[in-house]
Amino acid sequence: MTERQKEILFAIIEQYAEVASPVGSVTLAKLFNVSSATIRTEMSKLEEAGLITQPHTSAGRVPTDAGYRFYVNQISTTDAPNKLDRSAKAIEARVNSHHSEAHRAIKVAVDSLVELTGNLGLATIGDQLYISGISNLFSQPEFLEHESMRAVARLLDNLEPWLREAKPNAPLSVFIGSENPVGQTSHATLIISRFRSPYSDKSYIGVLGPTRQSYSKVMHLVRRVGAMLEDSLGG
């Protein structure tokens, strides 16, 4: 992949996250200051590589799961804009105010992630799964159709036993669309962070949302929240 193709792919992903509609060559041509024909040629190569696709109802392109995976693999969650750092510090203050009540601290952290990401938030508290923000999830345009709703519901129904059995080992895990353990056709992304808590050496907190989302922001916040919970609760 050339550097320009990479930049075009990233631009499609980031613009699609904002506008929730396929991104066309005219928009990208203005962004990159080249002709629409040049953009269409590069988009065709990205499509041949399986990184973007063209919905039959539109001339624009949207990312595929493989495109999102390539993008996510390039993201660093260690550096973040000041705005995100301020958000993380606000969550930390809320969490620390409940450090003597682990279950309350975890719920506050989940509710904060829901507020900041617009996704569904979740965490394991002992042997139970705490979920908040279901209305956020089902208000997304991707999940307005009944089949998509059923696929997401299957994912949620099976998430707790899957987490208990699989226990992802990475500090931050991202499961995009078809990579999800169940509900592979749900067009949903699960981003979870592992942390030590009084309940378990492998507790989890994270979010579930559409594959179309701001990965850099969400991944940074989820990673930070997992780390701050571990620090605050003391394992």
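What follows is calculated from the coordinates using simple rules that are stated; it is not laboratory data. A quick note: this is a predicted structure, and the numbers were derived from the prediction, not measured. When we count neighbours, we look across all protein chains shown, and the Cβ atoms used for this are built from the backbone with ideal geometry, even at glycine.
Only Cα pairs under 8 Å and at least 6 apart count here; give the relative contact order of the stretch 82-233 as a rounded whole percent.
Reported as a whole number, the value is 25 percent.
Once Lys and Arg get +1 and Asp and Glu get -1 on their Cβ, which of 155, 75, 168 lies farthest toward the positive end of the dipole of the stretch 60-180?
Positive-end residue among those listed: 75.
Report the local net charge at residue 136: Lys and Arg +1, Asp and Glu -1, summed over other residues whose C-beta lies under 14 Å from its C-beta.
-2
May I have the extent of the alpha carbons of the stretch 78-206 along their three principal axes, as whole Å values ordered from largest to smallest?
Principal-axis extents of the stretch 78-206 (Cα, largest first): 42, 33, 26 Å.
Is there a pair in 6/202; 107/202; 89/167 whose C-alpha atoms are over 25 Å apart, and which pairs would that be?
Working: 6/202 36 Å; 107/202 17 Å; 89/167 28 Å.
Result: 6/202; 89/167 exceed 25 Å.
Given Cα pairs under 8 Å that are at least 6 residues apart, what percent is the relative contact order of the stretch 3-74?
Relative contact order of the stretch 3-74: 34 percent.
For the chain, just the Cα atoms, rotate onto the principal axes and tell me the three extents in Å, largest first.
61, 39, 28
For the pair residue 5 and residue 33, what calculated FRET efficiency results from E = 1/(1 + (r/R0)^6), where r is the Cβ-Cβ distance and R0 = 25 Å, to the nearest 0.05?
With R0 = 25 Å, the Cβ-Cβ based efficiency is 0.95.
Does the stretch 3-74 come out rounded, prolate or oblate by the C-alpha gyration tensor, with a ≥ b ≥ c the root eigenvalues, rounded set by a/c under 1.5 and, if not, prolate when a/b is larger than b/c and oblate if not? It would help to have the intermediate numbers written out before the result.
Values: a/c = 1.35, a/b = 1.19, b/c = 1.14.
Taking the square roots of the gyration eigenvalues as a ≥ b ≥ c, the stretch 3-74 is rounded.
Just order 163-172, 54-63 by mean Cβ neighbour count inside 10 Å, highest at the front, would you?
Per-residue mean Cβ counts within 10 Å order the peptides as 54-63, 163-172.
Summing Lys, Arg as +1 and Asp, Glu as -1, what charge do residues with Cβ under 12 Å from the Cβ of residue 11 carry, residue 11 excluded?
Residues close to residue 11 contribute a combined charge of 0.
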